[in-house]
Each structure stands twice: as C-alpha cells, then as structure tokens.
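Participant: Okay, here's the structure, questions in a sec.
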Amino acid sequence: MDKELLLDLGILSAVSGEDALLKKFDFTLTEGGRKKLKEFLCPNKFDFTYIIQQQESIKAICRNSNKWHITWDNQDIYYIKEYLGSNRVVASLDGNKLKNRAKSIYTANFKKDSYMFAESGVKLVLIFFNKLLIAGNSTAELPQRLAKPITEINAFITINRLVYYYNKDRDTALSSSDVLLLDNVFRNTGKLTFEDLLGHLFEIEAFISLAKACVKYNLSFPLVSKSDTLFCIKGLFHPLVNDCKRNDISITENQTVLFLTGPNMSGKSTFLKSLGLCIYLSHIGMAVPAENAVIPFFDEIHTSINSTDSAAGGYSHFKAELNKVKKIALDISAGKNVFIIIDEIFKGTNLQDAYDCSKEIIALFSSQRGKFIISSHITELYNDLKQYDGIRFNCFDGFMDKNEPSFSYKLTEGVSSMRLGYYLLQQEGIVDLLK
C-alpha cells in the first residue's frame with residue numbers, strides 16, 4: 001500500500017508517539033495480534049470479495065460483542081513459544097503406550113529438571129486453551145472467514161481432549177503418563193499445528209480489535225457497490241477530531257470532479273481527510289465514520305494532502321505534484337476506476353502556472369472514470385471550469401463578525417470568495433514587528 005496515502009489519511013504516523021488510526025484502533029494485547037491488525041489496516045491491494053468477507057466477520061463480532069473477549073496476553077504467548085521452542089528432549093512414545101514407570105525412566109535418563117520443564121509447559125498450554133473463551137462461540141452462525149480459525153482451534157482442543165486433561169489436572173492432578181503424552185503432542189507431533197493455531201488466534205484478536213473500534217468511534221458499515229452510479233455519504237465525520245461537524249456528500253454518476261474552495265481554517269482539510277479515510281476504510285472491509293454510506297468500489301485510491309519536496313530525491317514540491325498526477329494518469333489510462341483527493345492542486349509553482357495547470361488537468365479529469373476531489377484557493381478557476389458538466393462546485397464558507405472570522409464548517413454549494421490570508425498576517429502581528 002502507498003505509504004503517502006497511509007500518512008495522508010493518518011492510518012500511520014510519520015512522527016513516533018503521534019496519534020494515528022492504527023494506534024487508536026488497537027485494542028490487541030499481543031504483538032502477534034497487533035501485527036495482524038496492521039495487516040488488516042494496510043493491505044497490499046483492494047479486493048471486492050475481501051471487503052465483503054472482512055465486513056461480515058467484524059459485523060458478527062459487533063452483534064455479540066459481550067461474547068468476544070481477549071483473555072490472553074503477550075506473557076502467555078512468550079512462555080508458550082519458549083516451551084515449544086525448547087531443545088530439551090521430548091519423550092518418544094511407542095503407540096502412545098507408556099510403561100507404568102514412565103516418569104522414573106524419563107527422569108533417570110533426562111534428569112528431573114527436564115521432566116519438570118515438560119510438566120510446567122503442559123500445564124501452561126492447558127491453562128492457555130482454557131482461557132480461549134472464543135471456543136464457546138457457535139461457528140454455525142459465523143461467516144466462513146471467522147468460523148474457520150475458530151473451528152480449527154476447537155478441533156485441536158477436541159482431538160487432544162484438552163478440556164478433559166485441564167479438568168483432570170485441576171481435580172486430581174495429571175499423571176506422569178499424561179504429562180509425557182501431552183508433551184509429545186505439543187512439542188513433537190502437534191508443534192506445527194500449534195504454531196498455526198497461534199496465527200488463527202492473532203487473526204481473531206485483530207477482528208475483535210476492529211469491532212471494538214467500531215463501537216467506540218460510532219462507525220457504521222457502508223454498502224460498497226461495483227456500480228459507479230451510487231456515491232452518497234451521510235453524516236461524515238473524522239473519528240479522531242473532537243466534536244467534528246458532520247457533513248453530507250452525494251455525487252451523481254455524471255459528476256466526476258468536486259471542486260472545493262474555502263478560506264483557511266474553514267474545515268476543508270479536515271473534510272478531505274475525513275472523506276479519504278471513509279473511502280479507504282470502506283475498501284479494507286471496515287466500518288466508516290458516517291451515519292451511512294453507499295460507495296462505489298475503486299481499483300485505486302490516491303491522495304495528495306501533505307505532499308512535500310524531497311531534498312534526498314532531488315526534486316521540488318512541484319515535481320512531486322507532477323509525479324503524483326502522472327501516477328494517477330497512468331492508472332486512468334490503464335482503465336482503472338480511481339478515487340482521488342488533491343488538496344490545493346499545484347500549489348508548488350507560481351500563480352499563473354498553477355492556474356494554467358489546474359485548469360487543464362481538472363478539465364481532463366472531468367471526462368474520466370472515477371471521482372476527483374480537488375481543492376484550490378484559486379477561486380477564479382470557476383469561470384473557466386463552469387462550462388464542464390462533469391464538475392460540481394462546493395465550498396466551506398464563512399463571514400466576518402465584528403472583525404472576527406466565523407465558520408459553519410458545513411459543506412455548501414458554490415464557490416467561496418472569502419479571503420483570510422492578510423487578516424491572519426495582521427493577527428499574528430508580523431507586519432507590526434517588521435515595521
């Protein structure tokens with residue numbers, strides 16, 4: 001997945017310790033679960049079938065959230081992996097038949113501490129599996145994507161009679177034969193299976209984490225459609241912005257470009273990030289920050305919100321913008337359905353160049369397949385772009401109230417003519433300082 005996209009939308013953070021969606025959505029308790037959560041949030045590509053499967057799995061947990069608990073942690077996993085990875089000798093069993101003096105034979109040949117290690121490891125595994133409350137969930141009512149790992153965990157528990165041995169150890173204590181039998185299962189015949197089960201457990205943990213995020217941030221599941229005719233989002237907001245003003249956006253099939261204007265501080269950037277995040281989350285099978293949404297399936301998503309120049313790469317801010325637009329053009333020419341957000345298009349060059357380049361590219365975007373959300377401070381572009389049927393004009397406007405700017409933070413029709421640059425320059429006292 002494009003790292004710039006993940007940074008633009010706040011999925012990941014470029015600064016250590018800074019809030020990012022990966023951190024806010026993380027309710028896992030193990031490193032393995034956290035790694036799987038990141039894979040869910042940052043897949044290699046978008047796939048329509050995958051979206052449906054992920055949605056179904058997360059929805060199933062949300063419907064019965066009180067039944068799904070993470071009762072294991074890193075310490076459990078660490079000790080179990082240490083036990084499974086030990087080089088200490090595993091007892092070889094002949095047809096699983098142990099002599100009555102198995103313990104004495106084992107301790108005589110391999111020392112008492114080896115037996116004690118095996119015994120503590122076996123008990124640790126039994127306690128661990130008893131913690132898996134997910135085993136109590138009926139798989140008959142679960143989607144296949146979620147039912148499969150649970151079925152395999154339950155099968156391992158049933159085949160090896162782990163509930164029986166756990167209860168036996170609790171009530172009358174395991175015999176030496178029981179210990180050697182189970183040690184052979186866990187560290188010899190069933191070792192590879194056990195590693196697979198841990199992988200299933202991490203996957204379930206990641207699903208539970210996403211379900212908890214849905215509840216905490218009041219997210220809703222969108223309808224993702226292969227039809228290009230439907231694009232409607234109601235009550236869009238940003239989950240990491242306190243008291244974020246909600247907005248509605250609906251784009252018809254014939255409207256390709258949304259040209260967005262508005263002064264500084266009016267809410268444009270927050271809206272663009274909210275919209276981009278909504279589209280992105282819908283394409284990884286996750287619930288979205290909106291009351292409800294119907295969204296077309298896009299082959300590619302591109303954003304240019306926090307773009308910068310690159311001294312190491314030897315190119316300017318404007319060259320970076322050109323590279324991004326070229327990448328978009330390549331996807332379009334390949335017949336892909338694209339979703340694009342560009343905040344302040346071509347801001348890396350002089351005003352006349354920005355005007356000419358913006359006019360040309362936006363006009364061409366208006367006749368392509370996809371949805372293009374383009375913001376600009378060059379409101380004069382309206383006069384040249386209004387002739388194109390595929391372009392609609394929206395803005396975040398405001399007004400001056402007693403020499404102070406006031407904003408509604410609501411998306412409205414039209415083009416904003418409000419200018420705040422010089423006002424902000426004066427407010428900062430910069431002119432007075434220089435005088």
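The values are calculated or read from the model by the stated rules, or taken from the named source; none is laboratory data. This structure is a prediction, so every number in the text was calculated from the model and none was measured. Glycine gets a Cβ as well: all are built from the backbone with ideal geometry, and neighbour counts include every protein chain shown. Please note that ligands, DNA and RNA were not included when accessible areas were found on the heavy atoms of the full protein model with its side chains. Shrake-Rupley method; radii C 1.70, N 1.55, O 1.52, S 1.80 Å.
Participant: Projecting each Cα onto the charge dipole of the stretch 160-272 (Lys/Arg +1, Asp/Glu -1 at the beta carbon, about the Cα centre), which of ASN254, SER227, SER266 comes out farthest on the positive side?
Facilitator: The Cα lying farthest towards the positive end belongs to SER266.
Participant: May I ask you to derive the FRET efficiency for LYS131 and VAL241 from their Cβ-Cβ distance with R0 = 56 Å, giving the value to the nearest 0.05?
Facilitator: The pair LYS131/VAL241 has a calculated efficiency of 0.90.
Participant: How much of the calculated P(r) for the stretch 333-435 lies past 25 Å, in percent of all Cα pairs?
Facilitator: Across the stretch 333-435, Cα pairs with separations above 25 Å total 34 percent.
Participant: What are the semi-axes of the equivalent ellipsoid of the stretch 167-232, taken as the square roots of 5 times the eigenvalues of the Cα gyration tensor, listed largest first and rounded to whole Å?
Facilitator: In descending order, the three semi-axes are 47, 17, 8 Å.
Participant: Among DSSP bridges having both ends in the chain, what percentage is antiparallel? Round to the nearest 5.
Facilitator: 40
Participant: Among ILE52, HIS200, TYR388, which residue has its Cα furthest toward the positive end of the charge dipole of the chain, with +1 on Lys/Arg Cβ and -1 on Asp/Glu Cβ?
Facilitator: Checked the options; the winner is HIS200.
Participant: Something else about it: Compute for the stretch 324-364: radius of gyration divided by Kirkwood radius, i.e. Rg/Rh, restricted to C-alpha atoms, rounded to two decimals.
Facilitator: For the stretch 324-364, the value is 1.00.
Participant: How large is the charge dipole for the chain, taken about the Cα centre, if only the Cβ atoms of Lys, Arg (+1) and Asp, Glu (-1) carry charge, to the nearest 20 debye?
Facilitator: It comes to approximately 1720 debye.
Participant: Still on this structure: When a/c reaches 1.5 or more, the comparison of a/b and b/c decides; with that in mind, is the stretch 322-393 rounded, prolate or oblate per its Cα gyration tensor?
Facilitator: Oblate.
Participant: Here's another thing I want to ask about it. Once phi is turned into ³J(HN,Hα) by the Karplus curve 6.51 cos²θ - 1.76 cosθ + 1.60 with θ = phi - 60°, what whole-Hz value does each residue of the stretch 235-244 show in order, with x for glycine and proline?
Facilitator: Listing the rounded values in order: x, 5, 8, 9, x, 9, 10, 5, 6, 5 Hz.
Participant: Long-range amide H contacts for ILE373: which residues qualify at under 5 Å (H placed 1.01 Å from N, peptide plane, sequence gap of 5 or more or a different chain)?
Facilitator: So ILE373 has HN proximity to LEU258, ILE340, ILE341, ILE342.
Participant: Within the stretch 45-89, which trypsin sites (Lys or Arg not before Pro) sit in a loop by DSSP and count at most 16 neighbouring Cβ atoms inside 10 Å?
Facilitator: Passing sites in the stretch 45-89 are LYS45, ARG88.
Participant: Once amide H atoms are placed 1.01 Å from N in the peptide plane, what residues at a sequence separation of 5 or more from VAL288, or on another chain, have their amide H within under 5 Å of its amide H?
Facilitator: So VAL288 has HN proximity to SER220, PHE221.
Participant: What lysines could a cross-link reach from LYS327, if we take a straight Cα to Cα line under 17 Å and drop same-chain neighbours fewer than 8 places away?
Facilitator: LYS3, LYS45, LYS319, LYS336, LYS371
Participant: Order PHE117, PHE396, most accessible first, counting only protein heavy atoms with a 1.4 angstrom probe.
Facilitator: Putting PHE117, PHE396 in descending order of accessible area: PHE117, PHE396.
Participant: A follow-up question, please. If R₀ is 35 angstrom, what is the calculated FRET efficiency for the pair LEU364 and TYR50, using the beta carbon separation as r and rounding to 0.05?
Facilitator: Given R0 = 35 Å and the Cβ-Cβ separation, E is 0.65.
Participant: Output the antiparallel fraction of DSSP beta bridges having both residues in the stretch 274-429, as a percent to the nearest 5.
Facilitator: 40
Participant: Let me ask something else. Could you work out the longest stretch of the chain that avoids the GluC sites (Glu not before Pro) located in DSSP loops with at most 10 other Cβ atoms within 10 Å?
Facilitator: The answer is 19-427.
Participant: OK, next. In whole angstrom, how long is each semi-axis of the equivalent ellipsoid of the chain, when you take the square root of 5 times every eigenvalue of its Cα gyration tensor and sort them from largest down?
Facilitator: Semi-axis lengths for the chain are 58, 22, 20 Å.
Participant: Then there's this: If the reach is capped at under 19 angstrom between alpha carbons, list the aspartates and glutamates near LYS326, excluding any in the same chain fewer than eight residues apart.
Facilitator: Output for LYS326: ASP2, GLU4, ASP8, ASP299, GLU300, ASP309, ASP343, GLU344, ASP353, ASP356, GLU360.
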